[in-house]
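The values are calculated or read from the model by the stated rules, or taken from the named source; none is laboratory data. Keep in mind that this is a model prediction, so the values were computed, not measured. Every residue, glycine among them, receives a Cβ derived from its backbone with ideal geometry; neighbour counts consider all protein chains shown. SASA here: full protein model, heavy atoms, side chains in, ligands and nucleic acids out. Shrake-Rupley method; radii C 1.70, N 1.55, O 1.52, S 1.80 Å.
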Amino acid sequence: MYAFRPGCHNRPIFILQLLINVQSADTVEGVWPLPQDFTSSMEQYPLNPHTFHFGYGKQSVAQRGCSVLDSAFKRYFSLVFPDYSSANDVLEFSKDKPFTAEISVDHDHCDDYPNEESSERYNLSVSERKAVLNAETVWGAVRGLETFSQLVYQDDSGSYFVNKTEIVDFPRFQFRGILLDTSRHFLPVQTILKTLDAMAYNKFNVFHWHIVDDPSFPYQSCTFPNLSSKGAFHPMTHIYTQSDVRRVISYARLRGIRVLPEFDSPGHTSSWGKGQSNLLTPCYRSGIPSGTFGPVNPALPSTYQFMARLFQEVSSVFPDSFIHLGGDEVDFSCWRSNPDIRTFMQKMGFGVDFAKLQAFYMESIVNITSALKKTSIVWQDVFDYHKRRSSLSVVEVWRAGCYLCEVRKVAKAGLRVILASPWYLDQPGPTHDWARYYTVWPLAFKGTDKQKKLVIGGEVCMWGEYVDATNLTPRLWPRASAAAERLWSDERRTSNVDQAFPRLQDFRCKLVRRGIQAEPLYIGHCKHEFQGV
């Protein structure tokens, strides 16, 4: 009696047990991130693409015509049977009995967007001639389909199989994000879409789009077209049109991924000033204008009028209820040099405390977005200098050092927290350092259960100083996969790097076969090497 390992290594493993618990590495290779409760048997069922189909359960609230699931069925059929279109289909025999993957959901969110409260819970049961997937929402069903696709494997002759399996699964954290920076290097839409595919394979659910910054302003605003026409690297080729943005949002929605835009200010705004006069602060030297500009000018009413109109547009374009307002790394030297800024500060009673000026600005922007029914996220800098923290909602911790000390401070203040500090992947480094991103314990700080529940998740950040479309994918994957499992799976069952390694190695091969140029973890090979080079 034996069970087959799914993935790239399909040699039989002789075993003594009838049922194998998930804690055995042999039974979980290729399933990533690890489900919460996973039991697999050595009982094996053949699958034939000619007699296999996805269908809706009779009790399912969603039925045929559900855009999310109809498209997922098409997508995952190709992922379950990657060789099906081959002219030499070795599986074309009619004696096979039908196999149905039946999907049922409790709520109809087929035309909605995923949000911060969307359930991703699902149950999956695989038995003879049938797989049954039950989920509360279509988003949970999409996660379950990904898991089912990873359970299917091939033998050396190319025949497909799946083993008897029972899974109960749900994410540990509700917010599991990937940040892409499209200002320092422009990323073509196709590159973003490919990243969304890889995110879905890893069960990430938030695309944090750091769309503009100092170097360039590629977002094409209908309200302020000069922002991109003068602030982008190129006004025609290096911009994201409204159509491009809608395409990204739609593509992400079908994969259960939220799109979180970030328009960072008052710093990181050099490109903004090229297309919007009187927005940035004129810097002075020896009492006269130097001709250079600093952060957004917080002393002018026109600044807030501009921001209100811009965020009104952004709020209508991006449907997610969250918006990232940045607020990090503000250089006070230009503000300090400007006599009008100093006069404004005296009038407001700020004295010479420029942190109070920044807090005033950020609070004004938060109020603008709150009026638009948006929940704001800010970088930890805003929390650190903000005395009146009641206006803040979500804080993203990004600085190195004792980042859990900062997480504890934010949670103790009663605010929600997103952890990014340990997952900055943009710096060059060997792929085998994936373990440092795996052995992260987001809740390992002294606090109450209530405070720890305020940690809503984490985020992998891929800043763009040294990253463009040529190296984004291999620099991101499979190291980001380590963070994916940390944010999805039970920490007690995924704390051992040695046990995780064969699963990640197997999963990396799956990514490669699916066209994701994930870097190798170590010496070895995949049965199906990357075909795109």
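Yes or no, residue by residue, for (1) in contact (Cβ under 8 Å) with a residue 24 or more places away in the chain; (2) of a type in the set (A, V, I, L, M); (3) in the same structural domain as V394 (by the TED database):
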| residue | (1), (2), (3) |
| --- | --- |
| K453 | no, no, yes |
| E491 | yes, no, yes |
| L521 | yes, yes, no |
| F530 | no, no, no |
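Within the group P295, P301, which residue is farther than 26 Å from V206 by Cα, in the same structural domain as D181 (by the TED database) and under 30 Å from the mean Cα position of the chain (by Cα)? Full working, then the answer.
Values: P301 fails: under 30 Å from the mean Cα position of the chain (by Cα).
Only one candidate qualifies: P295.
Restricting to segment 484-503, give me the number of residues that are closer than 18 Å to R176 by Cα and assigned to a helix (DSSP H, G or I). Quick ask: steps written out before the conclusion?
In the first step, residues of segment 484-503 are kept if they are closer than 18 Å to R176 by Cα; the result is 484-491, 494.
After this cut, where a residue has to be assigned to a helix (DSSP H, G or I) as well, the list is 484-488, 491.
Number satisfying all stated conditions: 6.
Cβ-Cβ below 9 Å, separation at least six or inter-chain, first residue in segment 331-344 and acidic (D, E), second open to solvent by less than 60 Å² (accessible area, probe 1.4 Å): which pairs?
D331/G267; D331/G294; D331/P295; D340/T281; D340/P282; D340/N297; D340/A299
May I ask you to verify whether I239 is touching a Ser or Thr at 6+ places or on another chain (Cβ under 6 Å) and within 30 Å of E120 (Cβ to Cβ)?
Working: touching a Ser or Thr at 6+ places or on another chain (Cβ under 6 Å): yes; within 30 Å of E120 (Cβ to Cβ): no.
Considered against the rule, which asks whether it is touching a Ser or Thr at 6+ places or on another chain (Cβ under 6 Å) and within 30 Å of E120 (Cβ to Cβ), I239 comes out as no.
Which of the residues spanning segment 346-370 are in contact (Cβ under 8 Å) with a residue 40 or more places away in the chain and out of contact with any His (no Cβ under 9 Å at 6 or more places or on another chain)?
L357, F360, Y361, S364, I365, V366, I368, T369
Would it be correct to say that S265 is free of Cβ contacts under 8 Å to residues at least 60 places away in the same chain and polar (S, T, N, Q)?
Numbers: free of Cβ contacts under 8 Å to residues at least 60 places away in the same chain: no; polar (S, T, N, Q): yes.
Judged against the criteria, S265 is not a match.
Do we have any residue at all in segment 476-490 that's more than 17 Å from A198 (Cβ to Cβ), open to solvent by 70 Å² or more (accessible area, probe 1.4 Å) and not β-branched (V, I, T)?
No: zero hits.
Tell me, which strands (runs of 3 or more DSSP E) wholly within segment 7-60 include 3 or more residues that are modelled with pLDDT under 50 and not assigned by the TED database to the domain that holds N496?
Details: elements: 12-14, 19-21, 37-47, 52-56.
Qualifying strands (runs of 3 or more DSSP E): 12-14, 19-21.
Which one of the conditions (1) out of contact with any Cys (no Cβ under 7 Å at 6 or more places or on another chain); (2) in a loop (DSSP other than H, G, I, E, B) does F73 fail to meet, given that it meets all the rest?
(2) is the only condition that F73 fails.
Answer yes or no: is there a residue in segment 460-468 that is more than 15 Å from L179 (Cα to Cα), out of contact with any strand residue (DSSP E or B) (no Cβ under 6 Å at 6 or more places or on another chain), open to solvent by less than 50 Å² (accessible area, probe 1.4 Å) and touching a residue at least 12 places away in the same chain (Cβ under 8 Å).
The first filter runs over segment 460-468 and keeps only residues more than 15 Å from L179 (Cα to Cα), leaving none.
No, every residue in segment 460-468 fails to be more than 15 Å from L179 (Cα to Cα), out of contact with any strand residue (DSSP E or B) (no Cβ under 6 Å at 6 or more places or on another chain), open to solvent by less than 50 Å² (accessible area, probe 1.4 Å) and touching a residue at least 12 places away in the same chain (Cβ under 8 Å).
Within segment 133-159, track down each residue that is of a type in the set (S, T, N, Q) and at pLDDT below 95. Break it down stepwise before answering.
As a first pass, look at segment 133-159 and keep what is of a type in the set (S, T, N, Q): 134, 137, 147, 149-150, 154, 157, 159.
Within segment 133-159, Q154, S157, S159 qualify.
Can you find, within segment 122-138, the residue that is farthest from T51 (Cα to Cα) among those that are in contact with a Phe, Trp or Tyr (Cβ under 6 Å, 6 or more places away or on another chain) and surrounded by fewer than 18 Cβ atoms within 10 Å (Cβ to Cβ)?
Only one residue tops the list, namely E128.
Just to be sure I understand, how many residues within segment 494-514 are surrounded by fewer than 19 Cβ atoms within 10 Å (Cβ to Cβ), in contact (Cβ under 8 Å) with a residue 40 or more places away in the chain and farther than 13 Å from E529 by Cα?
Total meeting the criteria: 4.
What are the residues in segment 309-334 that are more than 25 Å from the chain's Cα centre (by Cα), surrounded by fewer than 16 Cβ atoms within 10 Å (Cβ to Cβ) and assigned to a helix (DSSP H, G or I), if any?
R309, S333
I'm told Y284 meets every condition in (1) under 17 Å from Y361 (Cα atoms); (2) touching a helix residue (DSSP H, G or I) at 6+ places or on another chain (Cβ under 9 Å); (3) open to solvent by 30 Å² or more (accessible area, probe 1.4 Å) except one. Can you identify the failing condition by its number?
(1)
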